[in-house]
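These notes are about the structure you will find just below.
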Amino acid sequence: MAVKPIRTVPDPILRQKAKRVKTIDNSIQKLIADMRETLMSANGVGLAAPQVGVSLRVIVISIPHQDQKNDEYCLINPEIVRRTGERAVREGCLSIPGYIGEIKRSEQVRVKGIDTAGKELKLRAEGLLAEALEHEIDHINGVLYVDHLESQDKLQKVEPEPESKDVSI
Ligand SMILES: [Zn+2]
């Protein structure tokens with residue numbers, strides 16, 4: 001496993017539609033292991049393969065709990081099949097360091113994809129997990145959260161501080 005450098009804007013790979021994974025071979029398992037390690041070292045909530053320079057439809061998510069082990073998710077070829085409700089969130093992105101934006105996300109999402117063993121996976125999510133799924137699935141479609149800003153004044157420059165409650169996805 002290895003921590004990979006995280007691509008930041010305006011790297012063109014972040015704007016490409018990533019390709020579907022056809023076979024979950026060793027190279028995909030290694031990619032997932034590297035993505036998990038990179039996400040952990042960046043203290044983020046989620047990471048999509050294009051952010052580590054690989055244009056494939058793979059995402060990892062790690063939802064923090066107080067005093068508990070994080071909930072870890074890995075989805076291959078994920079798709080949102082249903083979105084319900086709307087809520088305002090303050091969102092950051094590891095590929096856009098130093099900024100937080102206020103955007104709208106769904107209250108609940110249903111997502112399908114496949115897991116690391118190649119089995120079909122269905123998830124129903126709300127809260128931070130729903131937000132992270134929408135954010136990461138946007139990434140594999142070449143979309144960034146700043147594309148959802150209603151106006152530029154909804155984007156705020158922030159100083160990186162370790163105690164900050166704002167999360168980067
Ligand atoms: Zn992001």
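The values are calculated or read from the model by the stated rules, or taken from the named source; none is laboratory data. Keep in mind it's a predicted model, so treat the numbers as computed, not measured. Ideal geometry is used to build each Cβ from the backbone, glycine not excepted, and the neighbour counts take in all protein chains shown.
Some notes on this structure:
- A residue that is at positive phi and at pLDDT 95 or above cannot be found anywhere in the range 147-169.
- Filtered residues of the range 109-145 (kept if small (Gly, Ala, Ser) and within 11 Å of the ligand (Cβ to nearest atom)): 132
- The single condition among (1) within 12 Å of the ligand (Cβ to nearest atom); (2) in a helix (DSSP H, G or I) that residue 36 does not satisfy is (1).
- Within the range 1-20, the set of residues being assigned to a loop (DSSP other than H, G, I, E, B) and either small (Gly, Ala, Ser) or in contact with a helix residue (DSSP H, G or I) (Cβ under 6 Å, 6 or more places away or on another chain) (or both) comprises 1, 2, 3, 4, 6, 7, 18.
- Residues being outside any strand (DSSP E or B) and surrounded by 14 or more Cβ atoms within 10 Å (Cβ to Cβ) - total across the range 52-106: 10
- Residue 106 meets the conditions (1) more than 12 Å from the ligand (Cβ to nearest atom); (2) in contact with a strand residue (DSSP E or B) (Cβ under 9 Å, 6 or more places away or on another chain); (3) touching a residue at least 40 places away in the same chain (Cβ under 8 Å) in every case but one. The failed one is (3).
- Residue 85 touching a residue at least 60 places away in the same chain (Cβ under 8 Å) and away from the ligand (no atom under 15 Å from the Cβ): no
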